[in-house]
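Here's the structure we're looking at; comments come further down.
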Amino acid sequence: LVNVMAKDSSYSLVFAARFQSLYSSQWEFPHYEEFESGDSNFLIRRARLKFDGFAFSPKLVYKLEVGLSNRDISGTSVYTGNTPRYILDAVLKWNFFENFELWAGQTKLPGNRERVISSANLETVDRSLVNSRFNIDRDMGLQLHHSLNLGPNFLIREAFAFSQGEGRNISTGNLGGYQYTGRIEALPLGDFSDYTGADLSREETPKLAVGFTYDHNANAVRTRSNSGTYMVNDIGFHEADINTIFLDAMFKYQGWSVMVEYADRTSDQPIAMNSDGTATGAVVNVGDGFNILTGYVFKNNFQVTGRYTTIELEEEITGAGVETQYTLGFSKYLVGHKLKVQTDVSLNDYENNIDNSLMYRFQIDFHF
Amino acid sequence: LVNVMAKDSSYSLVFAARFQSLYSSQWEFPHYEEFESGDSNFLIRRARLKFDGFAFSPKLVYKLEVGLSNRDISGTSVYTGNTPRYILDAVLKWNFFENFELWAGQTKLPGNRERVISSANLETVDRSLVNSRFNIDRDMGLQLHHSLNLGPNFLIREAFAFSQGEGRNISTGNLGGYQYTGRIEALPLGDFSDYTGADLSREETPKLAVGFTYDHNANAVRTRSNSGTYMVNDIGFHEADINTIFLDAMFKYQGWSVMVEYADRTSDQPIAMNSDGTATGAVVNVGDGFNILTGYVFKNNFQVTGRYTTIELEEEITGAGVETQYTLGFSKYLVGHKLKVQTDVSLNDYENNIDNSLMYRFQIDFHF
Amino acid sequence: LVNVMAKDSSYSLVFAARFQSLYSSQWEFPHYEEFESGDSNFLIRRARLKFDGFAFSPKLVYKLEVGLSNRDISGTSVYTGNTPRYILDAVLKWNFFENFELWAGQTKLPGNRERVISSANLETVDRSLVNSRFNIDRDMGLQLHHSLNLGPNFLIREAFAFSQGEGRNISTGNLGGYQYTGRIEALPLGDFSDYTGADLSREETPKLAVGFTYDHNANAVRTRSNSGTYMVNDIGFHEADINTIFLDAMFKYQGWSVMVEYADRTSDQPIAMNSDGTATGAVVNVGDGFNILTGYVFKNNFQVTGRYTTIELEEEITGAGVETQYTLGFSKYLVGHKLKVQTDVSLNDYENNIDNSLMYRFQIDFHF
């Protein structure tokens, strides 16, 4: 952490970095009968350099975050100029009027809460399957953010984003149409750290945040809206309107935290077609998912978490059955989210029962 | 911006970063008749981390600049070890005697002015077509720089470079021969910021800089001297002596700036051949280009610019007709070149009139 | 160099960077008769950003080092997620009890001394062939380090590593088994900078360090244990137990330095096989190597070095004959290892005499 403030207060810079060391292991467990020897993986899961501060005026805030680990920067393709996807955030935020902020550049869209919570501030080893299947991640464009107090303890936040709709680090420009995202949030019991996992501050009164996002990606060409495989066909790309909605909530009280999330994706043309009407094989990942996570932090900053996740893609389109995951986790916050050790075990249950598996993970998350 | 000076003045370090957010849109306009719906592109156009300072003595200056954006680091090939081209500058500059400086490492060659002006200090959204077709960019090797005062207001600068001739970030070594670059500059009306676009300091007396570069790349194997496609043939590489000259000038006076640039490229063997004398299809981009840019900065730091660019590659060799571009631009310098908003519209006129197009761009350039 | 210490001493951060500019040239010299015109190469050989310090307690030390040059980050493959190998070190070191340290993350294994000496602190232009053929480089996992004083001037150090066995930056997980490394070192004449080349501090009494490493990579799938080519076969990967031992020593006295290194690699299944017992063509690089390097630093910090290296891979398996290299080098330490100029000339003698060659190198190494 380097924290610099210009002598004339004309700018500030905070530099921080972090890395996560992850060990994971997975065993096949078909029909919960034959427990098969599994795979294991040591990984620098995430490693980041982060620069933020204000420039020229406290009303103009910037953020630049780059990824360093192989998993952070993967996704190289012809659409990224055959280069790794190095930049996560490169965004300016301008508080141009009262509670209004205009954002320009590349950053997370105002999508599901779990995604927008920094991977540095999770109370679990990693995000849920609902997030990995449905999130709308980052994109380039403009966002307008606003917040509003409806009384001393009732906070409303609104966000609208207009973006390219192709995802982060794309250098081949817009294919199909643009992406439009709207989100509204209510905090009816007062402000709190609703974008941080675990109730480390042990809220004395119950706190609640509820959010709803509607996202429309017009003539999208990727299977998960602005991410996933490109739906190439014989004349270029299959284009489909893809709509994604998220409904989520965060509750915290005296060490308890509960995060709930529902996601649903639909499309007018989910099956990618060639010009002659034959299917290309690619399909939009339509369907829905639900996730509930709860945790309790003991006074020694040791936390127990439980998570239930279920994903139901539309089987007639995607061919995928219902997938359910049960996770039991433990976290020890040595220095809050700055230095923590997290471990969990998950049971993955598939509708066909053949792919059932057990997964164990252990992670050290470190910030400096 | 982090600015560190050792307590014993044994070294200094300035760290700075920047990113450009670009929106561009292009419409086809064949024969200026059928205006066709166009492509658009949101892009983090450039993002950079920059380290410079002196070490051990103020006479030894270093610079390290790395690119982060997909456009900055693209160009991955077998010649770069299949890795992105991350490093822009990694150079030591040693003032070993009076006005002499010896440079070692990778940095820009003393080529055309427009190229050597940092992309951070342009008065337009981006450089001209003359630059993109003819510039000699960066290379690895040695440079000798010298400056000379011919009287109180007459400055001469000379530079000579000896380099590998393959361009930046090449890890496969020298192919063909080396590259030799000489440049001479005259500032007959006194020193000024001749390597910065826009007359933001509103020079009270007229200021002029004139420069001339001669570059010889012996047995070069790439179509644009030390950049462009490798001219592979059946027995390895086609080798050609490629000569590039640049004549350029910068004029500033009371808010007015004028930058003129002429480039010419010739080669003894412009058509790449196989060992049996058949053409491989690759050709050296021989021809010339001319560019004139003028701008006027109003007292509120709002600037209007106009640019005329014409490129005439040798048609019998390259098959390309004359290409002319007319650009009208507007820049608002909020904090000089550190925070500026720039927009322009360009008409691209091709000799065949079929490829005519209109291009619109909007860019925010931010430094911290 | 940026050196930050929190006001409350809760953390520290040292940021440093460096780059090496290398010129090398090589001539073929078959049978020492026909001296043929050679290849040359300008290269930013290494460029690094390095962050280290302690966090939350001086007992918890971190290090993050990333590579920037094309040679630093090459090795892109499907096993790295098709991304460059950006991270060198990302490791936490925890002094949890007395002289015990637990390391977690990715860093160098406790292998041969020459490898563990930072490339920043070499007394030669680069490491020897013994290192490039046999070293066990970096890996992800856990290490336990311990040191012990057997009297006022007799130091013992022990290290044990448990790692994935696939090398650095692998994102496809563990293939085959894990890797186990043990190392013991003795410094019978007192502590000294035994992991730095050149006796710049001109030790007044003789100083000696001796080290021995035994490394076992169970069911390894790469030709050089945790590096080299993957031994792909018809049913996945050929797996072989690969053992590597290193015996090395460093001696320093009054400007003299001597570094000796012996490496030996064996395997139970050195010839990669398909399921039907046919050879795939890949083989484990079994054999041994010996290296002796000596240098003398004059009082003006000018050093002469000589190096003899011989590599003898098992010819019936690898088909490679004995390779011997004789190197004469000169180093000028302008500011210790922080700014040095190094040059050397090497004669490469091959058993077949056809591949004999002469190599010249010149390098500037700079740290800031």
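The values are calculated or read from the model by the stated rules, or taken from the named source; none is laboratory data. From a predicted model like this one, the values you see are computed outputs, not experimental measurements. Here the Cβ is made from the backbone with ideal geometry for all residues, glycine too, and neighbour counts use every protein chain on show. The area values use the complete protein model at the heavy-atom level, side chains included, leaving out ligands, DNA and RNA. Shrake-Rupley method; radii C 1.70, N 1.55, O 1.52, S 1.80 Å.
When you look at the Cβ of every residue in A:314-326, what mean number of other chain Cβ atoms sits within 10 Å? Don't skip to the end; give the middle numbers.
Working: counts 0, 0, 0, 0, 0, 0, 0, 0, 0, 0, 0, 0, 0.
So the per-residue partner count for this stretch is 0.
Take the Kirkwood radius over Cα pairs of the range B:1-109, plug it into Stokes-Einstein at 25 °C and 0.890 mPa s, and you get 143 µm²/s for translational diffusion. Whenever you get a sec, compute what percent of the accessible area on the protein assembly as shown sits on carbon and sulfur atoms (1.4 Å probe). Carbon and sulfur atoms account for 58 percent of the accessible area of the protein assembly as shown.
Between B:E28, B:E185, B:E36, the Gaussian network model of chain B with springs among Cα atoms under 10 angstrom shows the greatest mean-square fluctuation at B:E36.
In order along the range C:292-306, the phi-based Karplus estimate (6.51 cos²θ - 1.76 cosθ + 1.60, θ = phi - 60°) of 3J(HN,Hα) comes to 10, 10, 9, x, 10, 9, 6, 5, 8, 6, 9, 10, 10, 10, x Hz; Gly and Pro are listed as x.
In peptide C:356-368, what is the residue-averaged number of other protein chain Cβ atoms found within 10 Å of each Cβ? Don't skip to the end; give the middle numbers.
Numbers: counts 0, 0, 0, 0, 0, 0, 1, 0, 4, 0, 10, 3, 12.
Averaged over the peptide's residues, the number is 2.
Legend: translational diffusion of the range B:224-313 by Stokes-Einstein, Rh = Kirkwood radius over C-alpha pairs, 20 °C, 1.002 mPa s; D = 136 µm²/s. Evaluated with a Cβ-only charge set (Lys, Arg +1; Asp, Glu -1), the protein assembly as shown carries a dipole of roughly 5060 debye about its Cα centre, given to the nearest 20.
Any idea what the dipole of the range B:1-63 comes to, in debye rounded to 20, about its Cα centre with Lys/Arg Cβ at +1 and Asp/Glu Cβ at -1? Please list the in-between numbers first.
Numbers: 8 positive and 7 negative charges, 182 e Å.
Approximately 880 debye in magnitude.
Rounded to the nearest 100, the interface formed by chains B and A buries 2600 square angstrom of accessible surface, both chains summed, with a 1.4 Å probe.
The range A:120-169 gives an Rg/Rh value of 1.09, both radii derived from C-alpha positions and Rh following Kirkwood.
Over chain B, dividing the summed -39,500 (n - 2.57) contributions of all DSSP H runs of at least 4 residues by the number of residues returns a 222 nm mean residue ellipticity of -1000 deg cm²/dmol. Pick out which of A:P110, A:P152, A:P30 has the largest mean-square fluctuation in a Gaussian network model of chain A, springs linking Cα atoms closer than 10 Å. Evaluated over chain A, the most mobile residue of the options is A:P152.
Which whole-number value in Å² is the accessible area per residue of the range A:27-89, probe 1.4 Å? Numbers along the way, then the final one.
Values: 2440 Å² over 63 residues.
I get 39 Å² per residue for the range A:27-89.
Size of the range A:219-368 from its Cα atoms: along the principal axes, largest to smallest, the extents are 64, 36, 27 Å.
When the pairs B:K63/C:K108; A:K7/B:K7; B:K63/C:K332; A:K50/B:K93 are compared against a 25 Å limit on Cα-Cα distance, B:K63/C:K108; A:K50/B:K93 fall above it.
In terms of its alpha-carbon gyration tensor, the range C:77-133 comes out oblate; a/c meets the 1.5 threshold, while b/c is at least as large as a/b.
Within the listed set B:W27, B:W256, B:W103, the Gaussian network model of chain B (springs between alpha-carbon atoms below 10 Å) gives the highest mean-square fluctuation for B:W27.
Give the average, rounded to an integer, of partner chain Cβ atoms located within 10 angstrom of each Cβ in B:87-94. Each step should come with its number before you reach the end.
Working: counts 7, 0, 2, 11, 4, 6, 0, 1.
Mean shielding by partner chains, rounded to a whole number: 4.
Counting every Cα pair in the range A:2-367, what percent are over 29 Å apart?
Values: 30489 of 66795 pairs.
Everything past 29 Å amounts to 46 percent.
Under the rule a/c < 1.5 gives rounded, and otherwise a/b versus b/c splits prolate from oblate, where does the protein assembly as shown land using the Cα gyration tensor? Provide the component values of the computation, followed by the final result.
Working: a/c = 1.39, a/b = 1.00, b/c = 1.39.
Since a/c stays below 1.5, the shape of the protein assembly as shown is classed as rounded.
Decide, for the range B:93-212, between rounded, prolate and oblate: order the square roots of the alpha carbon gyration tensor eigenvalues as a ≥ b ≥ c, take rounded if a/c falls under 1.5, and otherwise choose prolate if a/b is larger than b/c, else oblate.
Values: a/c = 2.43, a/b = 1.37, b/c = 1.77.
Judged from the Cα gyration tensor, the range B:93-212 comes out oblate (a/c at least 1.5, b/c at or above a/b).
Farthest towards the positive end of the charge dipole of the range A:2-367, among the residues A:L208, A:S275, A:N219, is the Cα of A:L208, using unit charges on the Cβ of Lys, Arg, Asp and Glu.
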